Amino acid sequence: MHDSLALGIDLGTSGVRVAVLNQQRDLLYTDSNGYDRGLADPDDWLTSCTQLINAIPNELRSQLKAVAVDGTSGTLVACDPDGTPLGKALPYNVACPEQLEQVRELVQAGQPAASASGSLARALRLLEQHSPPLILRHQADWISGWLVGDWRFGEEGNNLRLGWSLSDQRWPHAFEHQAWREALPEIRPSGSRLGIMNTARAKQLGLSEDILVIAGTTDANAAVLTADAADDEGITVLGSTLVLKRFTSIPLRDGAGTSTHRVGGRWLAGGASNSGGAVLRKCFPGIDLDELSRQIDPDQQSGLKLLPLIGRGERFPVDDPDLVPILTPRPVSDALYLHGLLEGLSQIERQGWTKLTELGAPAPKRLVTLGGGARNPQWRRMRQRLLGIPIRSCYSPPAAGVARLALTALQQQDDQITCSRRESVELP
């Protein structure tokens, strides 16, 4: 067991990252690549995972004994019962307002699924686009199914916005009478065992045939796991999207655009905006933002009033599928424009923390920041000024967080084996 390693696979908005941890949770290896065709293409997910796993050095790959996967919460694909995609996925940031009336007939207002930007609305659109028999799976669940060779299962956190209730441990009663009920996954808790990796898949990836596949979590929750946040700290992920998370003693009151997960035996509440680093890449294609940021005085205001969304529609801190971005006027100075965009992102973050506090989360006394934006000192100073609390950065990738779930499951299995052996020795 002391030589056993765990693999984490993080499927994000723009690409995939893998991480390998040892028993001491040391990060031994990490690598990433971007999608060729984009988040909506499941073939891209497979290609990236296959390339990255095959590129892990042999001496590490041969010691891998467990793997867990996280993915963008809400990216949903329709498949045939054998897991073959019937078309492109609907990414998490695609709202389906034409489905809202039906959504409201199926789930109560305020539930995570009760939104035009929730997975349930996307599921209803996919059901209109494809004929049965079919199954609906989120990104991480689909890759986990590919590893096991069995697409029956779904991890609880990834399916909250599809309608799964953590408190009731069931789908809504209204789902039971729907013709598409069988398209939904069998839900498994985060960190639980899904099975042994499919033999042909293990051979394809150069892995041992006894490797465990463990139910993972969402990409935002994986980031929280790698942050090792204290009880009084909030977590902000500044990646392609802006995500806020906070451990709480009890679940939050229902709020559109928010959700409460159960991770590692603790309640984890939060929300995710459609805004984030993807907006910056869109506004500054091919430009070195680190260099541009150094021209910003973070203690001064830009004078601009921007709402930096990637497109129409927002999930959190307001749930409005028709919210329009404000990206103009664009000043002549690129540095001033970046200053205004970063201020706009920081304002969304402040509103997000206010929203979570209104719903019952304790106000954080400090923040831990992850993602690409965590490396920007000017932005960190700007956020500290606007939020009024200290901020520290964490550079460990979310893939290492989901690898921790795999490692914990591996250690629990080893403890059970040790206990069984001890009991057999003690028998007369």
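At-a-glance table
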read-out: Qualifying position, being open to solvent by 10 Å² or more (accessible area, probe 1.4 Å), closer than 16 Å to Val213 by Cα and touching a residue at least 12 places away in the same chain (Cβ under 8 Å), among Val107, Val67, Val94, Val148; value: Val148
read-out: Within segment 1-22, considering residues that are open to solvent by 30 Å² or more (accessible area, probe 1.4 Å) and in contact with a strand residue (DSSP E or B) (Cβ under 8 Å, 6 or more places away or on another chain), the one modelled with the lowest pLDDT; value: Ser14
read-out: Pairs, first β-branched (Val, Ile, Thr) in segment 348-368, second open to solvent by 50 Å² or more (accessible area, probe 1.4 Å), C-beta under 7 Å, six or more apart; value: Thr357/Ala363; Val368/Arg392
read-out: Residue match in segment 319-330 (condition: in contact (Cβ under 8 Å) with a residue 60 or more places away in the chain and within 22 Å of Ala223 (Cα to Cα)); value: no
read-out: Condition broken by Asp290, with the remaining ones in (1) open to solvent by less than 20 Å² (accessible area, probe 1.4 Å); (2) in a helix (DSSP H, G or I); (3) not aliphatic (A, V, I, L, M) satisfied; value: (1)
read-out: Counted residues, segment 363-415 - those being outside any helix (DSSP H, G or I) and within 23 Å of the chain's Cα centre (by Cα); value: 16
read-out: Residue list for segment 257-285, filter: crowded, with 20+ Cβ neighbours inside 10 Å, assigned to a loop (DSSP other than H, G, I, E, B) and either on the phi < 0 side of the Ramachandran plot or aliphatic (A, V, I, L, M) (or both); value: Asn274, Ser275
read-out: From the options Arg193, Arg181, residue that is farther than 30 Å from Asn58 by Cβ and open to solvent by 30 Å² or more (accessible area, probe 1.4 Å); value: Arg181
read-out: Count of segment 67-84 residues which are touching a Lys or Arg at 6+ places or on another chain (Cβ under 9 Å) and either in a helix (DSSP H, G or I) or on the phi < 0 side of the Ramachandran plot (or both); value: 7
read-out: The lone exception for Leu309 - which of (1) touching a Lys or Arg at 6+ places or on another chain (Cβ under 9 Å); (2) closer than 18 Å to Pro285 by Cα; (3) outside any helix (DSSP H, G or I) it fails; value: (1)
read-out: Checking Leu120 against (1) within 21 Å of Leu166 (Cα to Cα); (2) in a loop (DSSP other than H, G, I, E, B); (3) free of Cβ contacts under 8 Å to residues at least 60 places away in the same chain, the condition it does not meet; value: (2)
read-out: Strands (runs of 3 or more DSSP E) lying entirely in segment 126-222 (those with 2 or more residues that are over 19 Å from Pro91 (Cα atoms)); value: 186-188, 193-196, 212-218
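The values are calculated or read from the model by the stated rules, or taken from the named source; none is laboratory data. Since this is a predicted model, take the numbers as computed values, not measurements. Backbone-built Cβ (ideal geometry, glycine too); neighbour counts: all protein chains shown. Just the protein is used for accessible areas: all its heavy atoms, side chains included, with ligands, DNA and RNA removed. Shrake-Rupley method; radii C 1.70, N 1.55, O 1.52, S 1.80 Å.
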